[in-house]
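*Asks:* Handing you a structure now.
The values are calculated or read from the model by the stated rules, or taken from the named source; none is laboratory data. Bear in mind the structure is a predicted one, so any value in this text is a computation, not a measurement. Don't worry about glycine lacking a Cβ; one is built from the backbone with ideal geometry, like all the others, and counts go over all protein chains shown.
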């Protein structure tokens with residue numbers, strides 16, 4: 001079976017929503033453009049952010065512990081949405097929809113998030129852009145996931161898990177289940193773009209939440225460990241040869 005690119009996903013704000021794309025231009029040694037461009041700092045992250053910032057924005061990459069994340073609140077995992085023209089439109093089942101300009105209305109986002117955030121966790125403080133893209137790794141990697149591996153996991157857990165809880169960038173249709181784990185160090189091609197597979201993606205408890213309801217519906221880490229002896233799902237890759245990729249492009253490994 002020919003493998004093809006089935007989904008391109010971008011998350012403009014780290015851990016807050018996400019959107020699908022039909023095509024995207026990738027550059028060598030760069031992340032997916034516009035992915036995790038923004039992030040919400042918490043009280044715990046402000047000390048790191050303020051230690052190195054320019055004009056009020058962090059000027060270096062910061063670890064994920066500095067930011068609001070779905071691992072601390074399953075309700076955050078149920079946020080969807082992305083760009084609509086020049087505005088970000090966000091939705092959550094228990095909240096009224098929010099439309100903001102992230103350049104000037106970050107405070108409105110923070111207030112919108114407060115009811116979703118547990119009282120015993122460091123509170124959200126401000127929306128930041130900064131010099132870095134706020135992926136969990138400081139390396140310029142893109143995440144690639146397999147629909148066949150997802151289908152196998154859904155069959156074995158007897159649950160519909162969907163693609164959104166994993167917050168991946170690229171989804172491939174047509175690989176055999178879990179064969180992506182054998183690609184570390186290999187070059188794969190998507191259309192004319194070449195990527196070098198660099199690492200497995202280790203998962204956190206955020207993936208235990210149903211992204212439709214914002215409720216935890218599975219212990220994902222325990223499930224992966226029981227079924228496979230690890231808590232990985234998906235792979236990271238670095239762009240070697242840039243170009244534009246589009247839905248339906250052939251994927252070769």
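*Asks:* Please specify each residue of the stretch 206-232 satisfying the condition of being closer than 21 Å to residue 140 by Cβ and touching a residue at least 60 places away in the same chain (Cβ under 8 Å). Spell out the reasoning first.
*Replies:* First pass over the stretch 206-232, keeping only residues closer than 21 Å to residue 140 by Cβ: 232.
Within the stretch 206-232, no residue meets the criteria.
*Asks:* Next up: Quick check on my filter: what residues within the stretch 135-161 are closer than 18 Å to residue 202 by Cα, assigned to a loop (DSSP other than H, G, I, E, B) and more than 11 Å from the chain's Cα centre (by Cα)?
*Replies:* 137, 138, 139, 140, 141, 161
*Asks:* Please find, among 90, 98, the residue that is in contact with a strand residue (DSSP E or B) (Cβ under 6 Å, 6 or more places away or on another chain), surrounded by 15 or more Cβ atoms within 10 Å (Cβ to Cβ), within 14 Å of residue 212 (Cα to Cα) and not assigned by TED's automatic domain parsing to the domain that holds residue 162.
*Replies:* Numbers: 98 fails: within 14 Å of residue 212 (Cα to Cα).
When all the criteria are applied, what remains is 90.
*Asks:* While we're on this one: Are there strands (runs of 3 or more DSSP E) fully within the stretch 1-91 with at least 3 residues that are within 21 Å of residue 169 (Cβ to Cβ)? List them. Quick ask: steps written out before the conclusion?
*Replies:* On the way: elements: 3-10, 19-21, 23-26, 39-42, 80-84.
Those strands (runs of 3 or more DSSP E) span 3-10, 19-21, 23-26, 80-84.
*Asks:* Moving on. Looking at residue 204 and the list (1) closer than 30 Å to residue 68 by Cβ; (2) surrounded by 17 or more Cβ atoms within 10 Å (Cβ to Cβ), which single condition is not satisfied?
*Replies:* Tallying (1) closer than 30 Å to residue 68 by Cβ; (2) surrounded by 17 or more Cβ atoms within 10 Å (Cβ to Cβ), residue 204 fails exactly one: (2).
*Asks:* Residue 57 passes all but one of (1) farther than 22 Å from residue 131 by Cβ; (2) in contact with a helix residue (DSSP H, G or I) (Cβ under 9 Å, 6 or more places away or on another chain); (3) surrounded by fewer than 15 Cβ atoms within 10 Å (Cβ to Cβ); which number fails?
*Replies:* (1) is the only condition that residue 57 fails.
*Asks:* Here's another thing I want to ask about it. Which residue out of 65, 52 is in the same structural domain as residue 104 (by TED's automatic domain parsing), farther than 22 Å from residue 104 by Cα and either touching a strand residue (DSSP E or B) at 6+ places or on another chain (Cβ under 9 Å) or in contact (Cβ under 8 Å) with a residue 12 or more places away in the chain (or both)?
*Replies:* On the way: 52 fails: farther than 22 Å from residue 104 by Cα.
Answer to the check: 65.
*Asks:* Right, next: Taking only pairs six or more apart or across chains, which ones have beta-carbon atoms under 8 Å, a first residue in the stretch 16-35 that is under 26 Å from residue 206 (Cα atoms), and a second residue that is buried (at least 21 other Cβ atoms within 10 Å of the Cβ) and at pLDDT below 95?
*Replies:* As it stands, the answer is 31/135; 35/135, since those pairs meet every condition given.
*Asks:* Looking only at residues that are surrounded by fewer than 19 Cβ atoms within 10 Å (Cβ to Cβ) and in contact (Cβ under 8 Å) with a residue 24 or more places away in the chain in the stretch 149-163, which one is nearest to residue 242 (Cα to Cα)?
*Replies:* Ranking the candidates gives 163 first.
*Asks:* Now for a separate question. Testing residue 9 on (1) under 16 Å from the mean Cα position of the chain (by Cα); (2) within 19 Å of residue 124 (Cα to Cα), one condition comes back false. Which one is that?
*Replies:* (2)
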